[in-house]
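Below is one structure, written out as C-alpha cells; comments come after it.
The values are calculated or read from the model by the stated rules, or taken from the named source; none is laboratory data. Quantities reported herein were computed from a predicted structural model and do not represent experimental measurements. Using ideal geometry, Cβ is built from the backbone for each residue, glycine included, and neighbour counts are taken over all protein chains shown.
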C-alpha cells in the first residue's frame, strides 16, 4: 500500500495535542462541581460516566481516519514490465474488384483472405498490428496497436467497394511504410496480399519498395489466386452478377503480376509467396510469423485501487455517534 498525498500524514503528530485539550479539566467558571476531597467521590463509575470519558477518543480516532483518507491510501494491483517476442506488422489487404474471383473454393478471394487474416490476428500475441486496405486508393483502417480485438473488429468492417476500384500496390506499400516509420521495433514488416497488377496510384511499387527497404522495413508479398489467371464475375446491368445465361460475356480473365511481387519482396529484403488455396494461404501467414522475432519491452499499467472510502465512512459514523450521544444520553446540564 502507498499514499498518493503523504504530506497529509504530517498532521498525525498533532492528534495527541488535540486529545489533551479535549480531556483537560473544565475551567472554574464552568458548570462543573468541585469536590473538596477525592475520597468523597463514588468508588466506581457509572456506565454513562465511562462512555463520557471515552467520548474525546471518538473525536481523535475520527480525525486520524480523515487524515489518512486525505493522504489517499492506494493499493497497487499490478504494475511492471515484461519482455516478450514481438514484431510490428502492417497487414495490407487488396479489396479491388478482382478479389471477387472464386478460384479458392466456394467463397471468393476476399472472404478467404479476411478469414485467414482474422486467425493470424488472433494468434499474434505480443505483436503490434496495423491494417491497411487498398484498391484504387490506400488508407489506414487501423493504426499500430496491441489491441488485437480492435484490429479484428475493424477488419470485420472492411468490405469490397469501400474505395474506387483499381489496384494501387505502390500506394499501399507507401501507406503501410508510413505506419512503421516511427516504430522502434527491431523487426518491422509489411504483409501485402493482392491478386492484381498495379494500375493506378501516384507511387509505383518499385519506388515504394525501395523506400521501405531504406527504412529497414521488409515486405512479404502474397499473390493469391491462380497464377495463370482466373475468371471473375462482372456486374451485368440486366442479369446481375454471376448470372448463368451468358457466362463468357459476364466473366473477365484476371491474373496478377508474379514477377512484380517477387521484385517488391526482393528490394526490401522480404520474400514472395503464392497461395492457390485457403490452406496454402494460412500456412504462408504462419510461416511469416516464424521468420523473425525481436525483443519488445512492453509495460503494463494497472489502475490503483483507492482505499480512502473505507476510512471516510467510519470517520463520519464516529462523528455522527459522538454528536448524537452529546445531544441525548450524555447531554450536560449546567
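For region 103-123, the tally of residues that are surrounded by fewer than 17 Cβ atoms within 10 Å (Cβ to Cβ) and touching a residue at least 40 places away in the same chain (Cβ under 8 Å) stands at 4. Within this structure, residue 44 fails the test of being in contact with a strand residue (DSSP E or B) (Cβ under 9 Å, 6 or more places away or on another chain) and modelled with pLDDT under 65. Spot the failing condition for residue 285; the list is (1) out of contact with any helix residue (DSSP H, G or I) (no Cβ under 6 Å at 6 or more places or on another chain); (2) modelled with pLDDT of 60 or more; (3) within 30 Å of residue 92 (Cα to Cα), and only one is missed. Going through (1) out of contact with any helix residue (DSSP H, G or I) (no Cβ under 6 Å at 6 or more places or on another chain); (2) modelled with pLDDT of 60 or more; (3) within 30 Å of residue 92 (Cα to Cα) one by one, residue 285 breaks only (1).
Of the residues making up region 217-230, none is in a helix (DSSP H, G or I) and modelled with pLDDT of 80 or more.
Listed here are the residues, each with its yes/no results for (1) on the phi > 0 side of the Ramachandran plot; (2) assigned to a helix (DSSP H, G or I); (3) crowded, with 16+ Cβ neighbours inside 10 Å.
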site	(1), (2), (3)
162	no, no, no
167	no, no, yes
170	no, yes, yes
191	no, no, yes
200	no, no, yes
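Considering only residues in region 47-90 that are modelled with pLDDT of 85 or more and either assigned by TED's automatic domain parsing to the domain that holds residue 291 or loosely packed, with under 12 Cβ neighbours inside 10 Å (or both), the one that is nearest to residue 304 (Cα to Cα) turns out to be 88. Residues in region 86-109 that are in contact with a strand residue (DSSP E or B) (Cβ under 6 Å, 6 or more places away or on another chain), under 17 Å from residue 169 (Cβ atoms) and not in a loop (DSSP other than H, G, I, E, B): 90, 91, 92, 93, 94, 98, 109. It is to be established whether one or more residues within region 18-39 are at pLDDT 80 or above, surrounded by 10 or more Cβ atoms within 10 Å (Cβ to Cβ) and farther than 30 Å from residue 223 by Cα. Within region 18-39, not a single residue is at pLDDT 80 or above, surrounded by 10 or more Cβ atoms within 10 Å (Cβ to Cβ) and farther than 30 Å from residue 223 by Cα. Is region 183-197 home to any residue that is farther than 22 Å from residue 262 by Cα, touching a residue at least 40 places away in the same chain (Cβ under 8 Å) and out of contact with any strand residue (DSSP E or B) (no Cβ under 9 Å at 6 or more places or on another chain)? There is no residue in region 183-197 that is farther than 22 Å from residue 262 by Cα, touching a residue at least 40 places away in the same chain (Cβ under 8 Å) and out of contact with any strand residue (DSSP E or B) (no Cβ under 9 Å at 6 or more places or on another chain).
Is there a residue being surrounded by fewer than 22 Cβ atoms within 10 Å (Cβ to Cβ) and out of contact with any strand residue (DSSP E or B) (no Cβ under 6 Å at 6 or more places or on another chain) anywhere in region 124-132? Yes, region 124-132 contains a residue that is surrounded by fewer than 22 Cβ atoms within 10 Å (Cβ to Cβ) and out of contact with any strand residue (DSSP E or B) (no Cβ under 6 Å at 6 or more places or on another chain).
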